[in-house]
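All remarks here apply to the structure that follows.
Quick note: the coordinates plus some simple rules give every number you see, no bench work behind them. Keep in mind the model is a prediction, meaning the values are calculated, not measured. Cβ coordinates were reconstructed from backbone atoms using ideal geometry, including for glycine residues, and neighbour counts include every protein chain displayed.
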Amino acid sequence: MSKPLIYVTRKLPEELLKPYEEHLQFKMWQEADTPVPQDVLYKEVSKADGILSTITENIDITFLDHASHLKVIANMAVGYDNIDVAAASEHNIIVTNTPDVLTETTADLAFTLLLATARRIVEASQVIKDSSWGDWAPFMLAGSDIHNKTIGIIGMGRIGEAVGRRAKGFGMDILYHNRNRNEKIETELGARYGTFEDVISEADFVVSLIPLTDETKDLFDEQAFSAMKSSAIFINVSRGGVVDEQALYDALQRGVIQAAGLDVFKNEPIDATHPLVDLPNAVLLPHIGSASVQTREKMIKLCLDNISQIFAGKDPLTEVKAKK
Ligand code: GLV
């Protein structure tokens, strides 16, 4: 019997695939930095038994119509808003993601953005690069404290918990909002649960860690930013789609909130023509939440382990279930 054919949508290090070649055969898009064009993807997926995909592939009904004998979609991300999971399930295709292995790395990045935004690190670095460091001045590049402030975590899942632990280490008070209460974290960190409105209006730092769904689309809108303190700093490391970017732009420009640190955007990639780029109080990163070499390798390995399990007739390790 021939080995199942797995289409890999980005060029990945061969040595990571090698251990799996005894049971699987791979075909790989040969570029690491550019997504596979849609026509090529549809052609390849029509021949594949499995796919190792990334967040740039839009796995919708049209894609699935090309997937005549696909058994598994292993998405190299914890988020899976790029996949129509219900439709995949109707096609009897298993979807997997990469939770846990990226939790700490993504929490590190969320906290990096929080620190960088509060202490104006990017602006400060630019002062030296621009040779514009003048005489000492009492409030030159004065930012906001982090210790003794209140963090409001919206979405207290795995990454939210890991951000909460970092916040506790920095001496912050922790507030959170989540669909369900997380009593474990209340006990562990002394975190206080509140409604979305309570948390965003009381927090000095509002950190978005919620997945993008029909319910969370544009959750951070004009009303939400108006409810925040004028000294609030907004951090988003989840999905750009949870933010109304025009409302955020207006809030930052008019001083409705103080600053924002963003790793994700509505339509990625963005470039220097994006309106937020002109704002000195916005720190912007190109979706690098889980981007450490160690974690990216673990994510790839978890995708391959999920695929292997399925073709060995076993349960996948991290399946995404369609919502009923
Ligand atoms: C990255 O955005 C992920 O969902 O893992």
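Charge dipole (Cα centre; +1 on Lys/Arg Cβ, -1 on Asp/Glu Cβ; no other charges) of the chain amounts to roughly 720 debye.
The share of Cα pairs per 5 Å bin across segment 103-284, counted from zero up to the longest distance, runs 1, 8, 17, 22, 21, 15, 8, 4, 2, 1, 0 percent.
Segment 9-82 and segment 116-160 have Cα centres spaced 39 Å apart.
Hey, can you rank 34-47, 170-183 by average C-beta count inside 10 Å, highest first?
Working: 34-47: 15.5, 170-183: 17.1.
Going by the mean number of other Cβ atoms within 10 Å, highest first, we get 170-183, 34-47.
Just check segment 1-132 against the gyration tensor rule for me: Cα atoms, a ≥ b ≥ c as the square roots of the eigenvalues, rounded for a/c under 1.5, and otherwise prolate or oblate depending on whether a/b exceeds b/c. Prolate, because a/c is 1.5 or more and a/b exceeds b/c.
Per DSSP H run of n ≥ 4, the term is -39500 (n - 2.57); total these for the chain, divide by its residue number, and report the mean residue ellipticity at 222 nm rounded to 500 deg cm²/dmol. Intermediate results must be reported in sequence, preceding the final value.
Values: 12 runs with 109 residues, N = 324.
That calculation yields -9500 deg cm²/dmol at 222 nm.
Write down, largest first, the equivalent ellipsoid semi-axes of segment 97-168 in whole Å, where each equals the square root of 5 times an eigenvalue of the alpha-carbon gyration tensor.
Numbers: eigenvalues 201, 46, 9 Å².
Working from the Cα gyration tensor, I get semi-axes of 32, 15, 7 Å.
Count Lys and Arg as plus one, Asp and Glu as minus one, and take only other residues whose Cβ is under 10 Å from that of residue 87; the net charge is then -4.
What helices does the chain have that are whole DSSP H segments, at least 20 Å long along their own axis by Cα, and with mean Kyte-Doolittle hydropathy of -0.5 or more? Numbers along the way, then the final one.
On the way: long enough: 103-118 (23 Å, 0.92); 293-311 (27 Å, 0.06).
Taking the DSSP H segments of the chain (at least 20 Å long, mean hydropathy at least -0.5), we get 103-118, 293-311.
Sort 287-300, 128-141, 224-237 by the packing proxy (mean of other Cβ within 10 Å over each peptide's residues), most packed first.
On the way: 287-300: 17.4, 128-141: 7.9, 224-237: 21.4.
Peptide ranking by packing, descending: 224-237, 287-300, 128-141.
If you take the alpha carbon atoms of segment 182-306 and fit the smallest convex hull around them, that volume is 150 Å³ per residue.
How big is D for the chain, in µm² s⁻¹ as a whole number, if Stokes-Einstein is applied with the Kirkwood radius of its Cα pairs at 4 °C and 1.567 mPa s? So the translational diffusion coefficient is about 61 µm²/s. Charging the Cβ of each Asp and Glu at -1 and of each Lys and Arg at +1, and nothing else, the dipole of segment 46-140 about its Cα centre rounds to 240 debye.
Any idea what the dipole of segment 103-284 comes to, in debye rounded to 20, about its Cα centre with Lys/Arg Cβ at +1 and Asp/Glu Cβ at -1?
So the dipole magnitude of segment 103-284 works out to roughly 480 debye.
Each part reduced to its alpha carbon centroid, segment 243-312 and segment 172-213 end up 21 Å apart. Taking the charge dipole of the chain about its Cα centre, with +1 at Lys and Arg Cβ atoms and -1 at Asp and Glu Cβ atoms, the residue from 159, 127, 205 reaching farthest to the positive side is 159. Measuring against 31 Å, Cα to Cα, the residue pairs 11/184; 184/321; 149/324; 27/324; 129/217; 18/266 contain 11/184; 149/324; 27/324; 129/217; 18/266 as the ones spanning a longer distance.
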